[in-house]
1. Do the conditions hold for residue 40, that is, is it at pLDDT 95 or above and buried (at least 17 other Cβ atoms within 10 Å of the Cβ)?
2. Among all residue pairs at least 6 apart or on different chains, which show Cβ distances below 9 Å where the first residue, located in region 37-57, is touching a residue at least 12 places away in the same chain (Cβ under 8 Å) and the second is of a type in the set (Ser, Thr, Tyr)?
3. Being farther than 25 Å from residue 56 by Cβ and either in a loop (DSSP other than H, G, I, E, B) or of a type outside the set (A, V, I, L, M) (or both) is the filter here; which residues of region 10-20 pass it?
4. Sort through 69, 11 and tell me the only one that's touching a Cys at 6+ places or on another chain (Cβ under 6 Å) and either under 15 Å from residue 114 (Cα atoms) or not aromatic (Phe, Trp, Tyr) (or both).
5. Please pick out the residue among 22, 14 that is over 15 Å from residue 106 (Cα atoms), buried (at least 17 other Cβ atoms within 10 Å of the Cβ) and touching a residue at least 60 places away in the same chain (Cβ under 8 Å).
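The values are calculated or read from the model by the stated rules, or taken from the named source; none is laboratory data. Treat the numbers as computed from the prediction; the structure is a model and nothing was measured. Every residue, glycine among them, receives a Cβ derived from its backbone with ideal geometry; neighbour counts consider all protein chains shown.
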Amino acid sequence: MRIVLGSDHAGYPLKAAIIEHLEAKQIEVLDVGAKSADKAESYVNFGEKTAQVVARGEADFGIVICGTGIGISIAANKVKGIRCALCTNEFMSALSRKHNDANMLALGARVVAPHFAKAIVDAFLDARFEGERHAVRVGEICALED
Ligand code: RB5
């Protein structure tokens with residue numbers, strides 16, 4: 001499995017913690033996010049850049065992180081084919097995969113503590129899309145892009 005991660009400066013520390021967590025699980029990671037927490041950079045650019053990697057099929061899933069997770073998730077969701085779910089707990093992240101077939105997860109570094117964010121990531125990666133009636137809804141979302 002290959003995961004692409006992106007963050008702005010506010011999300012940088014949590015991104016580093018999530019990368020360490022994923023690499024410890026032998027998951028391949030591609031980091032296209034901010035290189036430090038020191039320089040203020042636009043979450044819009046990083047959200048779009050991360051989403052494009054997923055949309056091109058170069059990663060199985062994407063994880064984007066900014067201060068709240070709000071701005072970077074909005075930006076990621078502007079890219080065709082992206083369903084980016086901003087989640088604050090494990091229930092939401094598991095359901096975003098099971099029901100919404102989310103292909104990206106957004107986290108707020110100023111909202112969730114690192115140990116909790118790791119559990120949210122694990123719940124996201126462990127869950128599988130359930131299809132059936134949910135596939136109809138996801139199809140309706142995809143139709144909005146045309
Ligand atoms: C940066 O200060 C902050 O605005 C950004 O990380 C994010 O929270 C925006 O939604």
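1. Criteria not met by residue 40.
2. Correct list of pairs: 37/12; 38/12; 43/7; 46/7; 47/73; 50/7.
3. Passing the criteria: 10, 13, 20.
4. The match here is 11.
5. Among 22, 14, only 22 is over 15 Å from residue 106 (Cα atoms), buried (at least 17 other Cβ atoms within 10 Å of the Cβ) and touching a residue at least 60 places away in the same chain (Cβ under 8 Å).
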